[in-house]
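The values are calculated or read from the model by the stated rules, or taken from the named source; none is laboratory data. Keep in mind it's a predicted model, so treat the numbers as computed, not measured. So basically every Cβ, Gly included, is an ideal-geometry build from the backbone, and we count neighbours across all protein chains shown. Note: accessible area is taken over every heavy atom of the protein model, side chains too, but ligands, DNA and RNA are not part of it. Shrake-Rupley method; radii C 1.70, N 1.55, O 1.52, S 1.80 Å.
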Protein chains: 2
Amino acid sequence: MRIVVLAGGIGGARFLRGLKSAAPDADITVIGNTGDDIHLFGLKVCPDLDTVMYTLGGGIHEDQGWGRADESFAVKEELAAYGVGPEWFGLGDRDFATHIVRTQMIGAGYPLSAVTEALCARWQPGVRLLPMTDDRIETHVLIDDPDAPAAEGADEGRPARKAVHFQEYWVRLRASVPAHAVIPVGAEQAKPAPGVLEAIAAADVVLFPPSNPVVSVGTILAVPGVREAIADAGVPVVGLSPIVGDAPVRGMADKVLAAVGVESTAAAVARHYGSGLLDGWLVDTVDAAAVGEVEAAGIRCRAVPLMMTDVEATARMATEALKLAEEVRA
Amino acid sequence: MRIVVLAGGIGGARFLRGLKSAAPDADITVIGNTGDDIHLFGLKVCPDLDTVMYTLGGGIHEDQGWGRADESFAVKEELAAYGVGPEWFGLGDRDFATHIVRTQMIGAGYPLSAVTEALCARWQPGVRLLPMTDDRIETHVLIDDPDAPAAEGADEGRPARKAVHFQEYWVRLRASVPAHAVIPVGAEQAKPAPGVLEAIAAADVVLFPPSNPVVSVGTILAVPGVREAIADAGVPVVGLSPIVGDAPVRGMADKVLAAVGVESTAAAVARHYGSGLLDGWLVDTVDAAAVGEVEAAGIRCRAVPLMMTDVEATARMATEALKLAEEVRA
């Protein structure tokens, strides 16, 4: 069975570990979000790709969910001693090596997809990990700018706004200020990375893990051609709600859902994806009451436990998703 | 007193520490060798500049003479795990931070001289450290190439030769094969870095520490205009022999001296610099017999202890060099 998964960072990576356990013989292609990639210290950092790679390759910091196990921070301390920041982004020494290799290869002319394949040659994640694009897409978040002069004319009195890199919003500001919009800068000009459309066209099922529907899955869908390829693939597309009981299972998905005018409920996220894209949707048992609303929107829905407390629980979620896909297909 | 010092790595750095101790009120400008700079892992590494900066700034690994104290090697281990080399060049985590900052600044458009000044803002070496040039000069060493087909024609039977980067010759091969030539690639097109010629013109004395006369001081002198500026400055130019008792005090200077046809003796090195450049020369007391030979070549010479066993001994050497400079001037 060929499974295509659209993955963000921690949520996507943990789901994939469960999926591999539930479907050990499946041929899994992961289309990874690169919208939160960032250049730090002159190095190209791909947080979501690395989280998937480290998690599936056994190198992840388990408690933290991102970064490397047994990590040290000598480089970061030294950079701070030089007065070189940002200090709010935690890069460890082991992690730095990944970014150094990646940056060196990109400098030598390799596209990100080839670099990712080279890095995975070490990590052996057991899936085919593709960046959504080899082009540069950078997710920016529009926030109030208290330092700028107030807007004039029709917008008079409204605070001026500024766009910040997603990582600045997410990591530095911890999503503590309202997000007025989420913009995948560069998306319009981007092309899917080699293999992305082919994997979708050849898939037996497409899964949306409980990743952030706006800045993870949403950004992947913003790459021209990807949404259409999934809709046109003619295979079951099944997602798992990242919202349980009106709150994100982890992270701060509610903050960016508000920016796109979507309520933080399991049903609202399903409607946001829409029946033109999504065939099946899993909500948590605490949201069983939402099943009717989702099905009314033309999306088959089941309520099952959706807390990824360990690999076994996550594998059961993956099994339920694949089961729902077969129901949809039948 | 304004002193200009042409410095390589360990020998130059240690001498400078003694000089600062001997002449605490002097205004010291160091013109650092950049011929052994190398790009590793996509990062610009300047071994000699860093050795001077770390040594005078208190961050050097004292026993080793290069690299940082309290160093760790997580990044290097990880790079090796990715199969990315070279493994023969020992970059520690703290050291990596320096190269990351440097590479980021150069990528942002700053010349090496500005980068070096920025790095020194942290280290406060107590001297003005200038790279000899902002242009790229790379010291290559011509060695036999046992893997290549033998030469034909006039050179028949002579093994084919290849040029390797100085660091490959010095660090990887440990100077264990004959060096047929030492070539400062790019020197002809290079210009002295901003401030270099001005510092020489304003100097009261120019010192050559016991650095490698071929690949350190020699490379600095190969930057067009530097040798002429020193010769024309009209101030005493005094050197200290890196050869004591027919052998290098440290390192493998004898290997590259052979490549330029110079014997490994204190007198031969003085004659190699020549009386057109050099006014005074210090040899070690064990080489007292060479004083006559050096003076016969038109260079004033004294025999004093030249082992840099500690800062005090090195300060005495510096004092002797400055004393000889005053003798020359008088």
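Remarks
- Residues of region A:138-186: accessible area per residue with a 1.4 Å probe, Å²: 55
- Under the convention that each Lys and Arg Cβ holds +1 and each Asp and Glu Cβ holds -1, the size of the dipole of chain A around its Cα centre is about 480 debye.
- Interface residues of region B:75-110, defined as those losing at least 40 Å² of solvent-accessible heavy-atom surface relative to the isolated chain (probe radius 1.4 Å), are listed as B:75, B:78, B:82, B:94, B:97, B:100, B:101, B:104.
- Solvent-accessible area assigned to carbon and sulfur over chain B amounts to 50 percent, based on a 1.4 Å probe.
- Accessible area buried by the pairing of B and A, both sides summed with a 1.4 Å probe, works out to roughly 2100 Å².
- Per-residue Karplus couplings for region A:4-15, computed as 6.51 cos²θ - 1.76 cosθ + 1.60 with θ equal to phi - 60°, are listed in order as 10, 10, 8, 10, x, x, 4, x, x, 5, 5, 4 Hz, Gly and Pro entered as x.
- The alpha carbon centroids of region B:194-239 and region A:285-308 are separated by 79 Å.
- Dipole-positive endmost among B:142, B:114, B:239 within chain B (Cβ charges, Cα centre): B:114
- In units of the rule-of-thumb radius 2.2 N^0.38 Å, region A:138-186 shows an alpha carbon radius of gyration of 1.19.
- Sum of side-chain charges, residue A:214 neighbourhood, beta-carbon under 13 Å (Lys, Arg +1; Asp, Glu -1): -2
- Working note: 222 nm ellipticity from helices only, DSSP H runs with n ≥ 4, each -39,500 (n - 2.57), summed and divided by the residues of chain B, gives -10500 deg cm²/dmol to the nearest 500.
- Of all beta-carbon atoms in chain B, the one sitting closest to the axis that brings chain B onto chain A gives B:93, 3, with the distance in whole angstrom.
- Integer Hz, Karplus 6.51/-1.76/1.60 couplings in order for region B:110-115, x for Gly and Pro: 6, x, 4, 4, 5, 5
- For region B:121-269, the alpha-carbon coordinates run over 53, 37, 34 Å along the three principal axes, in decreasing order.
- Check: the protein assembly as shown dipole with +1 on Lys, Arg Cβ and -1 on Asp, Glu Cβ, in debye: 0
- Considering region B:281-328 at the alpha-carbon level, its Rg and Dmax are found to be 10.9, 32 Å.
- Position residue B:118: other-copy label points at 2.6 nm, ordered by increasing distance, label point 7 Å along Cα→C-beta.
- Sparse-neighbour loop sites [GluC sites (Glu not before Pro); region B:133-192; at most 16 other C-beta within 10 Å; DSSP]: B:152, B:156
- Computed from label points 7 Å out along Cα-Cβ, the spacing between residue B:246 and residue A:160 is 7.7 nm.
- For residue B:4, net neighbour charge (Lys/Arg +1, Asp/Glu -1) across residues whose Cβ lies under 12 Å away: -1
- Two-decimal ratio, region A:230-317, of alpha-carbon radius of gyration to 2.2 N^0.38 Å: 1.05
- Averaging the Cα positions of each part gives two centres, and for region B:60-85 and region A:1-80 these lie 26 Å apart.
- Selection from A:130, A:190, A:230 lying farthest towards where the dipole of region A:109-263 points positive, charges on Cβ: A:130
- Among the listed pairs B:162/B:255; A:44/A:162; A:44/B:162; B:255/B:323, those beyond 27 Å (Cα-Cα): A:44/B:162; B:255/B:323
- Rg over Rh [alpha-carbon atoms, Kirkwood Rh] for the protein assembly as shown: 1.12
- Derived from the Cα gyration tensor, the three semi-axes of the equivalent ellipsoid of chain B are 30, 26, 19 Å, largest first.
- Contact residues in region A:24-56 by the 10 Å² criterion (accessible area, 1.4 Å probe, full protein complex versus chain alone): A:41, A:42, A:43.
- The modelled label-to-label distance between residue A:288 and residue B:121, using points 7 Å beyond Cα along the C-beta direction, is 6.4 nm.
- Each Lys and Arg contributes +1 and each Asp and Glu -1, all at the Cβ; summed about the Cα centre of region A:224-285, the dipole is approximately 140 debye.
- When B:307, A:132 are compared by accessible surface with a 1.4 Å probe, the order from highest to lowest is B:307, A:132.
- Charge dipole (region A:1-115, unit charges on Cβ, about Cα centre) - positive-most of A:46, A:58, A:6: A:6
- In summary, region B:11-125 shows an alpha-carbon radius of gyration equal to 1.10 times the 2.2 N^0.38 Å reference for compact globular proteins.
- Rounded to the nearest whole Hz, the Karplus-based 3J(HN,Hα) values (6.51 cos²θ - 1.76 cosθ + 1.60, θ = phi - 60°) of region B:122-139 follow the sequence 7, 7, 6, x, x, 9, 8, 9, 10, x, 4, 8, 8, 8, 8, 10, 10, 6, with x at glycine and proline.
- Taking all protein chains into account, the per residue accessible area for region B:1-67 stands at 28 Å² (1.4 Å probe).
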